[in-house]
Amino acid sequence: MESNLEEKESITLPEVRLILIGGRWAGKSSSGNTILRKERFECGRTRTAQSEVRHEIVEGRKLIVVDAPGWNSSLSLKDIPEGDKQRFKLNPSRCPPGPQVFLLVIPIDSAFSVAQKRIVEEHMKLLGERVWRYTMVLFTCGDYLGGKTIEQHIESEGDALKWLIERCKNRYHVINNKEKSNSSQVTLLLQKIDEIVSDNNGSYYEVDEQTLTIIEKKQREVAERAEKRRRRAEEQRQQMTTLIQEEMKPPTLNMILLGSRNVGKTSVVNTILGIKEQEDGKRTAHSVIRQGSVGKTEITLVDTPGWWKGFPAFDTPEAIKEELVRSMFLCPPGPHVFLVVIDADASFNAKHLDALTTHVELLGEGVWRHSLVVFTRGDWLGSRSIEEYIEGEGEALQSLVEQCGNRYHVIDNKNTDSGTQITELLEKITATVAGNSWGHFVPDEQKFKTIEDRRRRVEERARLRESQVMAKRKTFRGPRHQLQELRIVMIGQKTSGKTATGNTLLHKEVFPTCQTQNCQVDQGEVAGRRITVIDTPGWWGKSSRCTEDTDKEIARGLSLSPLGLHAVLLVIPLDLAFSQVQKVALEEHMNLLDASVWKHTMVLFTYGDKLADKSVEEHIEREPGALHWLVDQCENKYHVMKNMKKANTSQVTELFEKIEEMVAGNNGRLFCPNMRDVHLRIDDKFKRRQVKYVLRQRLEKEYRRRERELMLGFREKLLELQAEIRGSETSTKPKSLIGDTNKLKIRGIGQKKKDGKEKEEIIDVKISQEIENLDKSILRSTVDLQSSMQWLIPDMKGESPAPSVAESLPGRRNSNSNFDKVLGWLSTLQINTNVENNLTLNFSQTSDYGSVLPHDDLDLYAEADTLQ
């Protein structure tokens, strides 16, 4: 880009409008000050929570600079609050009529990873494809280059940064904010901006008018609802304050903090108790008691382990769930309030609500009456109120706040000197306790007894398992079994930690930490051995999501070691429960390999640091049967890795020793699967899946047809009933009512008949509405039925599969294989109904054999591998 400036005619713009965008702490505010040659933006430890605009005259031209809030580089777009996305879209409107350039700020002192590339791409999509025409990369921390040029830095960083530079049409600039007196770097930047404007024929980026209108309307509606919520909360607070007298306030308050990981529970504890010591950053593995006093009130706080955000309780390890329940018994006689902690700097959707609800309700009935929502990271709200965040996030968060009786509070954990926020929080907590008649939440003692009994059983079984493992290892332990070379393949579910483990085993960062799409192999000398590690793509936790391409790529990983493999490491994360669903997916993939694979397989547990002071044997014994089954299948061969402690080389050496012992136990035989058989099993797997899919479609089509028939029959009955009612009105209206009232002269009887007529009219209207709804349902059902008939395979005797099937089976379009015959047979399969109104499959018209399929079991049947 440097040479282009000299070749093109320079046009000096009288006014330059630019926006600084990028991740947090990238140096946007500092760059804005350097460009304006004045300290106009606050920077350093001050966070930019909302867009700020500054004007200055620089080199004879007017500069308008917008400093936009940075995005969280550790969160994908789906995890960012809705309000933040809307405000990001509106940033260009802060410098009307629109910015001529976006300076995308990237710091040189940190790597630009594939994950960061994805986050940048997601945010830029909010502004539309056309934004790239106006975008230039502004590299900060130029002093970190040392003797290198920026071009050398770009080339050395890898494909992610190269992609970004190409998207910006090779437009970039370096700025050193430590040398603000160096005005030439700003002069050169302005020249490059002039060139961008020239390339765009003087145009600028403009927010779409419709987008602007829609967002502004949403923001007004959110503001109105937020104000209503604020007033309602304030009224509730005032009502309770008038009822609470000073002498009624409890001298002690017991509180339990609940929430997902990294939401700031420990920070809330420290803020309430006024503790200013630096947090160690370690995860809370056990429920921990902290005590102190605020004013005259003695406070007991229980900090609990967090669960993974968005993962319901059945995905959480049993140890964490036990700690949540145990927390209630750490502050006898029981907690007065549960503080449900939510991060106000992240999104909160239905998935997060489900995860939170399933965990909180482990504590027992009535927990919500004692709960109050505490929002952390209030400093990122900027000028917005917490009510605007609640209303802007949608129904899930609103539902949670309502579940807690509209009780909520926001904390700025960075502003610990503000005693007001804690005073207000304690007032709200006191009001919550008063609303519960000054009583505490009464824990179920049986829960505690159950936990303690289970703990003792787990510890006993864990000791037994550990002793069995040690006894078996002694048989093959010793230097005579040490091998000069080890060839290892790692397989497992996505995000299980395979790649990080591969890097730990080789003592170097050779495998990229993004999701592995293809097999990768690398070697190294480690602990006196030549180590070869093969990293494979992970499979999905649900078997139905697994693809044929992924399975074939995993199989290819086995072939990368033609001489055979010493070990198949089956990677399982310790920070999530190993469920029955995951067991099905794992078993399905292991079945694709040779039957002898289990003899050469070892379970490698990752995230070992999550165990805290518990042994892996305790974890195995505490978890449900699926994990027991897996460890037993591997004949008690397992190992734990702590990838956060890469410097701990002993864990790697011990793993190699266990692999050598496993090889000795196999009499030196290596795992050498017949790859032709593996690929045949993969083909067979996806053929069976296709057959099941076709059968499911046939059954669903039949259900749709039956549903439509039932609705049509019901509609006819309603029409008959309506006709009878209307006929009755016609026959009785002329004489009966008048005659009766004249003869009896009793007003009450006339009124009764009038009421009866009105009721009949109401019934008639309701029937008409029901018929109208049925008409709509019948129309939808007809459309569904027609679409399913178009998909379903016609008579296929001697024919190829239907297009949708054939497309998923490359090279088999003209095949007359047994698989095609099965599909043809399914297309003519008769589906009838028995006397109990269940669907039945008639497999043969000449035999009495059939299968009954109750409607409720359709989905289960479709998922089950009934045709294996």
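The table below lists the values:
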{"quantity": "Whole-percent carbon and sulfur share, accessible surface of the stretch 78-184, 1.4 Å", "calculated": "49 percent"}
{"quantity": "Approximate spin-label separation Leu212-Glu298, in nm, with each point projected 7 Å along Cα-to-Cβ", "calculated": "6.2 nm"}
{"quantity": "Amide hydrogen neighbours beyond the local backbone of Arg407, cut-off 5 Å, H modeled", "calculated": "Val373"}
{"quantity": "Per residue value of the accessible surface for the stretch 96-212 (all protein chains in place, 1.4 Å probe), Å²", "calculated": "45 Å²"}
{"quantity": "In Hz, Karplus ³J(HN,Hα) per residue of the stretch 639-648 (6.51, -1.76, 1.60; θ = phi - 60°; x = Gly, Pro)", "calculated": "8, 10, 10, 10, 6, 7, 10, 5, 5, 7"}
{"quantity": "Cα-based Rg and Dmax for the stretch 41-90, where Dmax is the largest Cα-Cα distance (Å)", "calculated": "14.0, 43"}
{"quantity": "Whole-angstrom gap from the stretch 565-579 to the stretch 98-146, using each part's C-alpha centre", "calculated": "37 Å"}
{"quantity": "Within the accessible area of the stretch 575-649 (1.4 Å probe), percent carbon and sulfur", "calculated": "53 percent"}
{"quantity": "Per-residue HN-Hα couplings for the stretch 390-401 [Karplus 6.51, -1.76, 1.60; θ = phi - 60°; Hz; x = Gly/Pro]", "calculated": "4, 6, x, 6, x, 5, 4, 5, 4, 4, 5, 4"}
{"quantity": "Stretchable slack from Met675 to Thr420, in nm (0.36 nm times residue separation minus alpha-carbon distance)", "calculated": "84.9 nm"}
{"quantity": "Per residue, the convex hull volume that the Cα atoms of the stretch 490-626 enclose (Å³)", "calculated": "124 Å³"}
{"quantity": "Length-normalised contact order of the stretch 290-340 in % [C-alpha pairs under 8 Å, at least 6 apart]", "calculated": "27 percent"}
{"quantity": "Whole-angstrom gap from the stretch 18-64 to the stretch 485-530, using each part's C-alpha centre", "calculated": "43 Å"}
{"quantity": "Neighbour net charge for Arg167 - beta-carbon separation under 14 angstrom, K R +1, D E -1", "calculated": "+3"}
{"quantity": "Carbon + sulfur, % of accessible area of the stretch 330-439 - ligands and nucleic acids excluded, 1.4 Å", "calculated": "46 percent"}
{"quantity": "Other-chain or far-sequence residues with amide H under 5 Å of Trp307's (modelled H)", "calculated": "Gly259, Ser260, Arg261"}
{"quantity": "Förster radius 51 Å - calculated FRET efficiency between Ser198 and Phe686 (Cβ-Cβ, nearest 0.05)", "calculated": "0.40"}
{"quantity": "Solvent-accessible area per residue, Å², over the stretch 579-731 with all protein chains present [probe radius 1.4 Å]", "calculated": "46 Å²"}
{"quantity": "Ala567 long-range amide H proximity, modeled H, under 5 Å", "calculated": "Arg487, Val489"}
{"quantity": "Euclidean distance between Cα centres, the stretch 642-687 to the stretch 350-371, Å", "calculated": "41 Å"}
{"quantity": "Probe 1.4 Å, accessible area per residue of the stretch 412-466, Å²", "calculated": "58 Å²"}
{"quantity": "Full-stretch length increase - Gln238, Asp613 - with 0.36 nm per residue and alpha-carbon distance subtracted", "calculated": "130.3 nm"}
{"quantity": "Loop trypsin sites (Lys or Arg not before Pro), the stretch 468-564 (other Cβ atoms within 10 Å of the site Cβ: 15 or fewer; DSSP)", "calculated": "Arg477, Lys494, Lys508, Lys542"}
{"quantity": "Of Lys148/Lys552; Lys85/Lys148; Lys321/Lys494, pairs whose Cα-Cα distance is over 32 Å", "calculated": "Lys148/Lys552; Lys85/Lys148"}
{"quantity": "Cα→Cβ-extended label distance, 7 Å offset, between Trp132 and Arg231, nm", "calculated": "4.9 nm"}
{"quantity": "Extension gain (nm, one decimal) between Ile11 and Leu779, 0.36 nm per residue minus Cα-Cα", "calculated": "270.1 nm"}
{"quantity": "Summed side-chain charge close to His153 - residues other than His153 whose Cβ falls under 12 Å, Lys, Arg +1, Asp, Glu -1", "calculated": "-2"}
{"quantity": "Virtual paramagnetic centre 7 Å along Cα→Cβ of Arg283, amide N under 12 Å, in the stretch 564-603", "calculated": "573-577"}
{"quantity": "Positive minus negative residues near Glu129 (Lys, Arg vs Asp, Glu; Cβ under 12 Å)", "calculated": "+3"}
{"quantity": "Backbone HN-Hα couplings from phi across the stretch 207-212 [Karplus 6.51/-1.76/1.60, Hz, Gly and Pro as x]", "calculated": "5, 4, 4, 5, 4, 4"}
{"quantity": "Orientation-averaged projected area, Cα convex hull of the stretch 374-433 (nm²)", "calculated": "4.2 nm²"}
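The values are calculated or read from the model by the stated rules, or taken from the named source; none is laboratory data. Treat the numbers as computed from the prediction; the structure is a model and nothing was measured. No Cβ is skipped: glycine too gets one built from the backbone with ideal geometry, and neighbour counts run over all protein chains shown. Areas reflect the complete protein model, heavy atoms only, side chains present, ligands, DNA and RNA absent. Shrake-Rupley method; radii C 1.70, N 1.55, O 1.52, S 1.80 Å.
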